[in-house]
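Each remark here refers to the structure printed beneath this line.
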Amino acid sequence: MRNSEKVNIAVIGGTGFEKLFKSAKSLRVKTPYGTAPVLFIGTVDDRKVAFLPRHGLNHSVPPHRINYRANLHALHKLGVEQIMSTNAVGAINRDFQSGDVVVPHDLIDFTKTRPTTFYDKAPVTHIDMSQPYCPEIRKLLIQTARGKGLQVRDKAVLVCTEGPRYETPAEIEMFRRLGSDIVGMTGCPEAVLARELEMCYATICYVSNMAAGMQQRLSALEVSKVSKKILPVIQEVLIGTVKGLPLKRERDCPCSSALRDARFQ
Ligand code: HPA
């Protein structure tokens, strides 16, 4: 790959974000884990940005079948060092409301069947997840959103479930007792795999519903409707944040040196 083709920044979008850069160049990237779904390369100011709709263009891939390793590997292959993602989430914290914008600071992995690592073989590699999201990208997302007049919840624990079904009320009660504030199906292993490849990663979430047991019933249609309504706002925050990111990463964060000291020898 020529240097001019390199892309440093990526956005991974979820429900409702299939077409962030409609007119951008589309690309398929092959990886050892399979070919990533179609991704798009667009420009924001003088920054080249890759956009990856994680459920595919027609929202055809369910959360538990997303090839997270191919997605993250493909972005890494393009030269990406800085990733922002978005997730629709249910609110577990009773203070949260539908439509709230949340930038989580921590996560709990309750997925069951997904390959969760690039390091299945020697050298045995243990990534530090003391700060699971890049503190610098979080800060910028929060500042940008607040600069646009949004109220942002800047501290929250995201629990990731396997899906594709929604949770039961008892599960949500358990997650609440464990300290979770919001629940989604796609936050893991995305954040972990980004860290394993030393890419900075943070996510901006929006509450599409109250979690199971907190409202009468849950429906994918409701999630999709709220997503469509909030999409233009989140999109603006993402574009604003891209403009504030450096062209090339030069920062001292846990992500950029994640492999240092991650091995026994
Ligand atoms: N649970 C899991 N994932 C979700 C939810 C939910 O309530 N809402 C949006 N994504």
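The values are calculated or read from the model by the stated rules, or taken from the named source; none is laboratory data. Computed from a prediction, not measured in an experiment: that's the story for all the values here. Positions of Cβ are generated from backbone atoms using ideal geometry, with glycine treated the same way; all protein chains shown enter the neighbour counts. Surface accessibility is based on the protein's heavy atoms, side chains included, excluding ligands, DNA and RNA. Shrake-Rupley method; radii C 1.70, N 1.55, O 1.52, S 1.80 Å.
Carbon-plus-sulfur accessible fraction, the chain (probe radius 1.4 Å, protein heavy atoms only): 49%. Pairs over the 18 Å Cα-Cα cut-off, from the set Lys6/Lys77; Lys30/Lys77; Lys155/Lys248; Lys30/Lys112: Lys155/Lys248; Lys30/Lys112.
Using 1/(1 + (r/R0)^6) with R0 = 25 angstrom and r between the beta carbons of Ser219 and Ser26, what's the FRET efficiency to the nearest 0.05? After rounding, the FRET efficiency stands at 0.20. Taking amide hydrogens as placed 1.01 Å from N in the peptide plane, the amide H of Gly79 sits under 5 Å from those of Val7, each at least 5 positions away in sequence or on another chain. Note on Ala122 and Asp46: with the Förster distance fixed at 25 Å, the Cβ-Cβ geometry gives a FRET efficiency of about 0.05. Kirkwood hydrodynamic radius of segment 3-244 from all distinct Cα pairs, in Å? It is 17.9 Å. A simple spin-label model places pseudo-atoms 7 Å from Cα toward Cβ; at Asp252 and Phe264 they are separated by 3.1 nm. Toward the positive end of the charge dipole of the chain, with +1 on the Cβ of Lys and Arg and -1 on the Cβ of Asp and Glu, the farthest Cα among Ser208, Met174, Val80 is that of Val80. Put a plus charge on the Cβ of each Lys and Arg, a minus charge on the Cβ of each Asp and Glu, and nothing anywhere else: the dipole of segment 3-244 about its Cα centre is then about 640 debye. A cut-off of 5 Å between modelled amide H atoms, ignoring neighbours fewer than 5 places along the same chain, links Glu167 with Ala212. Per-residue 3J(HN,Hα) values for segment 115-125, derived from phi via the Karplus relation 6.51 cos²θ - 1.76 cosθ + 1.60 with θ = phi - 60°, read x, 10, 8, 8, 10, 8, 10, 4, x, 4, 10 Hz in sequence order (x marks Gly and Pro). Under a 5 Å amide H cut-off, with hydrogens placed 1.01 Å from N, Thr43 pairs with Val49 among residues at least 5 apart or on other chains.
Relative to the current alpha-carbon distance between Lys77 and Lys229, full extension at 0.36 nm per residue lengthens the span by 51.4 nm. Screening the chain for DSSP H helices whose Cα atoms reach 30 Å or more along their own axis and whose mean Kyte hydropathy is at least -1.0 gives 220-244.
Each part reduced to its alpha carbon centroid, segment 56-134 and segment 218-265 end up 10 Å apart. Dividing the summed -39500 (n - 2.57) terms of all DSSP H runs of n ≥ 4 by the residue count of the chain sets its mean residue ellipticity at 222 nm at -8000 deg cm²/dmol.
Accessible surface computed residue by residue for the chain, with neighbouring protein chains in place and a 1.4 Å probe, gives 48 Å² per residue.
Given a Förster distance of 35 Å, report the FRET efficiency between Ser60 and Asp154 from their Cβ-Cβ distance, rounded to the nearest 0.05. With a Förster radius of 35 Å, E is 0.55.
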